[in-house]
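Chemist: First the structure, then my questions, so here it is.
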Amino acid sequence: MLRISTDHWLLALRTVLAVWLALFLALRLDLYQPAWAILAVMIVTLQPVMFTGGTPPIGIIIGRGVARFFGTLFGAIAGLVLIAFFGQQPMLYLLFSGAWLAFCMYWVMLEQDEYLGYVMMLSGYTATLVSLTALGTGVEDIWTIALGRFTETALGIGCGVLMHLLIAPRFGSRALPEALSGFLKRAAEETLATLESPRPRATQDARLKTLLGDYQQFEKLRGLTRLETRRLSRFIPALDRFASDSLALITAIRELETALDYLRACEDGEHWLAQLNAHAAPLLATIAEQPAGEPQEKLTLPDFEWDPERVSPRSRVRAELVRQRLGEVLGLLQHGRRLRHALNDPASAKVHTLPREKRTRTTHNEHFVARFNALRVFVAFELLGLFWIHSGWHSGYLAMMLLGVFTMLFAKAPNPAAVVYQFLWGTLAAVTLGAVLLFLVLPVINGFPLLAIAIGIPVMVGTLLTPHPRWAAMGLSGAITLMTLLNLHSTYTFSPTTYINGGLASVIGTTTAMFTYALMRQRSPAERIRTLLGAYWQGVARLMREPALPNRARLESRLYDRLGRIVALGGTDDTLREALDLHALALCVWRIRRLREDLAPHRRELEAWLDDIGQRLVARRHHSPEVWHELSDQARDWVDRFYHAPQLSVATAGEIAMLGHLMREAPGVTLEAQADDAPQTASHDRHEAPIRQETPHVR
């Protein structure tokens, strides 16, 4: 038996009141189809609930509402254009409307901004809703249909947002300062623990995964600031910048672990580590205890004072490498602490030191995923459309409408066929409930209060089902189908044949969407990881041989996006560690290339060695540990040569040493093995729909 929490009852109250208000205004203003206003309320309110399991923050509601407003506007215009040019040519209409759906799907799959992607999604299927409704009910009414669709959707959006603002609003951005404090505290504690003593690999991986979870919470709340409050609007560029820097912080901690392991392997390693610990531990402890405290001056670590005649080159290189990585961690923590203090005290003099320009991001677009999704939407739409046209089935346009909605709505789900399978049951339930309402309840209703009660009961039931993963799709699909079948504006007429045809069309449209996803399956996570790894090796190879170095911020952005997708697709501690190692490897190559002016007589030879590594990386699909160990030994030979080259800086030798250490870990080998083994062991559960898949990935 489901246990209904207070939060869910409040959600149901907001939804029912918004539906009643939208229904009253639509009837009072004599709009074309009041059911569309109700449908807008439920989609704006309930679709985010499917991914959060509870009442979403008001920022998500506002963002989705604004995106739906513009998406419906653009879609209505596209629907008008389709009918204007192809209303009398069914085959041409079918071709161009399918092409519009495919184009919008392609953009949705590539677009990383959630709300812009939502605009394109709405533009895609709203155009088909408007144009198909006109084809099914009369092309001469296309302007009325398009205007009605837009105005009633706007009305529903306004009513939904209004009720979420008036009744116990939840502002997610208010938790942003504490989320940032939690991330800074955990990062400082993790760095302290790393300095104090070596830890098992499993412990390190678990702690990094927890730290990544804190970052993801901060990233999720950061996205709400521009939508929920004006008080933090001036901090948006700084928050965007630290969202990138915080990922650099996680990678720096991972590199620090590796550098410490190799320093401790030196006979005098603990001596130099004690000096670093004496300076860094108090600073880290202060940040861990007071992450929102007054930031001090720039945190710096003093240079080592050693006698080159008495300290071995190996100890000097490794100690300097640890100092550099520890200094990077402290600098990033200082940046986060300054931002955290400014959030508490916007009038502080430190605010002017925060970044004022948003850092540009470069994403890795999975064009093969986007092309495949666009193709299957186009193929399914064309095939069902041909059946509709040649069969002469009048209600077939309803099946086309639901096919367009469902193929667009859940394309990014990990198993969309299972989600639509749940929607099928919700559709069947809605068809049955709609018949009861239409033929038994509505004929005896007289007046708005009784109509509101008749509509409010199924709306409340659907709302209470949506927060539960097992029933979420059924609740929303029931609302969509019910509002598609009911015509709340027309006078009641007993026409069971028309209703049965409409209900059958809804079931066929949903079933077609399910079979489309089941027969034309998306590439598996393993195949996507394999492709992403191939793109990563090509990028590293270019980084090793191209004369011009990319901007570090753009390089990090592209790495975060590509490797973040690998983490999201892999989902294990080992995947996270390998992604961080791959990221550190690319940054290490970038640092070596940046210091190439310091390589003096060795520069040309070292660059030829790096170019050879790049060619070997892209020449083969698998990179065995033996290959990585061979490359690591070569890097170690370079470091041994640099020990006796006094004109070279210790930092240069340290970076090459770090590159060798990372190669010794054989980055990517486990991911490549998992990508090859997964297709034989993967299973697809048709009855479990993992709807809440949209955990923000590392970018």
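Chemist: So which pairs qualify, if the first residue must be in region 83-101 and on the phi > 0 side of the Ramachandran plot and hydrophobic (A, V, I, L, M, F, W, C), the second must be buried (at least 19 other Cβ atoms within 10 Å of the Cβ) and in a helix (DSSP H, G or I), the Cβ gap must be under 8 Å, and the two must be at least 6 apart or on different chains?
Modeler: Every condition considered, no pair remains.
Chemist: Among the candidates 698, 669, which residue alone is closer than 30 Å to residue 322 by Cβ, modelled with pLDDT under 70 and under 33 Å from the mean Cα position of the chain (by Cα)?
Modeler: On the way: 669 fails: modelled with pLDDT under 70.
Just one listed residue meets the conditions, 698.
Chemist: Consider residue 286 against the criteria (1) under 37 Å from the mean Cα position of the chain (by Cα); (2) part of a helix (DSSP H, G or I); (3) in contact (Cβ under 8 Å) with a residue 24 or more places away in the chain: it satisfies all of them except one. Which criterion is unmet?
Modeler: So residue 286 meets the others, but not (3).
Chemist: Are any of the residues in region 551-559 surrounded by fewer than 22 Cβ atoms within 10 Å (Cβ to Cβ), within 18 Å of residue 659 (Cα to Cα) and either in contact (Cβ under 8 Å) with a residue 12 or more places away in the chain or in contact with a Cys (Cβ under 7 Å, 6 or more places away or on another chain) (or both)?
Modeler: Start the filter on region 551-559 by keeping residues that are surrounded by fewer than 22 Cβ atoms within 10 Å (Cβ to Cβ), which leaves 551-555, 557-558.
Those still in the list that are within 18 Å of residue 659 (Cα to Cα) too: 552, 555.
Keeping just the survivors that are either in contact (Cβ under 8 Å) with a residue 12 or more places away in the chain or in contact with a Cys (Cβ under 7 Å, 6 or more places away or on another chain) (or both) gives 552, 555.
The answer is yes; a qualifying residue exists.
Chemist: Among the candidates 573, 612, which residue alone is surrounded by fewer than 21 Cβ atoms within 10 Å (Cβ to Cβ) and either in contact with a strand residue (DSSP E or B) (Cβ under 7 Å, 6 or more places away or on another chain) or touching a residue at least 24 places away in the same chain (Cβ under 8 Å) (or both)? Spell out how you get there, then give the answer.
Modeler: Values: 612 fails: either in contact with a strand residue (DSSP E or B) (Cβ under 7 Å, 6 or more places away or on another chain) or touching a residue at least 24 places away in the same chain (Cβ under 8 Å) (or both).
Exactly one of 573, 612 is surrounded by fewer than 21 Cβ atoms within 10 Å (Cβ to Cβ) and either in contact with a strand residue (DSSP E or B) (Cβ under 7 Å, 6 or more places away or on another chain) or touching a residue at least 24 places away in the same chain (Cβ under 8 Å) (or both), namely 573.
Chemist: Name the one entry in 619, 584 that is among the small types (Gly, Ala, Ser), at pLDDT 80 or above, within 19 Å of residue 542 (Cβ to Cβ) and crowded, with 17+ Cβ neighbours inside 10 Å.
Modeler: Details: 619 fails: crowded, with 17+ Cβ neighbours inside 10 Å.
584 is the lone residue from the list that is among the small types (Gly, Ala, Ser), at pLDDT 80 or above, within 19 Å of residue 542 (Cβ to Cβ) and crowded, with 17+ Cβ neighbours inside 10 Å.
Chemist: Return the total of residues in region 73-113 being hydroxyl-bearing (Ser, Thr, Tyr) and within 24 Å of residue 370 (Cβ to Cβ).
Modeler: In the first step, residues of region 73-113 are kept if they are hydroxyl-bearing (Ser, Thr, Tyr); the result is 93, 97, 106.
Filter once more, keeping what is within 24 Å of residue 370 (Cβ to Cβ): 97, 106.
Looking only at that region, the number is 2.
For every residue, the table says whether it meets (1) among the aliphatic types (A, V, I, L, M); (2) out of contact with any Gly (no Cβ under 6 Å at 6 or more places or on another chain); (3) surrounded by fewer than 19 Cβ atoms within 10 Å (Cβ to Cβ).
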residue	(1), (2), (3)
406	no, yes, no
415	no, yes, no
431	yes, no, no
442	yes, yes, yes
457	yes, yes, yes
467	no, no, no
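Chemist: From the list 117, 98, which one is out of contact with any Pro (no Cβ under 6 Å at 6 or more places or on another chain), assigned to a helix (DSSP H, G or I), within 13 Å of residue 381 (Cβ to Cβ) and assigned by TED's automatic domain parsing to the domain that holds residue 380? Show your work before the answer.
Modeler: Numbers: 117 fails: within 13 Å of residue 381 (Cβ to Cβ).
Residue meeting the stated conditions: 98.
Chemist: What number of residues within region 227-241 are without any contact (Cβ under 8 Å) to a residue 40 or more places away in the chain and part of a helix (DSSP H, G or I)? Write out each step before concluding.
Modeler: So in region 227-241, the residues without any contact (Cβ under 8 Å) to a residue 40 or more places away in the chain come out as 230, 233.
Narrowing the set further to residues that are part of a helix (DSSP H, G or I) leaves 233.
Of the residues in that region, 1 qualify.
Chemist: Quick one: would you say residue 67 is surrounded by fewer than 24 Cβ atoms within 10 Å (Cβ to Cβ), part of a helix (DSSP H, G or I), at pLDDT 85 or above and in contact with a Phe, Trp or Tyr (Cβ under 6 Å, 6 or more places away or on another chain)?
Modeler: yes
Chemist: Here is a further query. Kindly state which helices (runs of 4 or more DSSP H) lie completely within region 512-607 and contain at least 1 residues that are outside the structural domain of residue 625 (by TED's automatic domain parsing).
Modeler: Details: elements: 525-545, 552-570, 573-594.
The qualifying helices (runs of 4 or more DSSP H) are 525-545.
Chemist: Go through region 159-197 and give me each residue that's within 30 Å of residue 46 (Cβ to Cβ) and of a type in the set (Phe, Trp, Tyr).
Modeler: 171
Chemist: Turning to a different aspect of this structure: For region 20-48, what are the residues that are more than 21 Å from residue 133 (Cα to Cα) and buried (at least 24 other Cβ atoms within 10 Å of the Cβ)?
Modeler: Initially, region 20-48 is screened for residues more than 21 Å from residue 133 (Cα to Cα), giving 20-22, 24-25, 28-29, 44-48.
Hits for region 20-48 are 22, 44, 45, 46.
The values are calculated or read from the model by the stated rules, or taken from the named source; none is laboratory data. The model shown is predicted, which means the values in this text are computed figures rather than measured ones. Quick reminder, even Gly has a Cβ in these numbers, built from the backbone with ideal geometry, and neighbours come from all protein chains shown.
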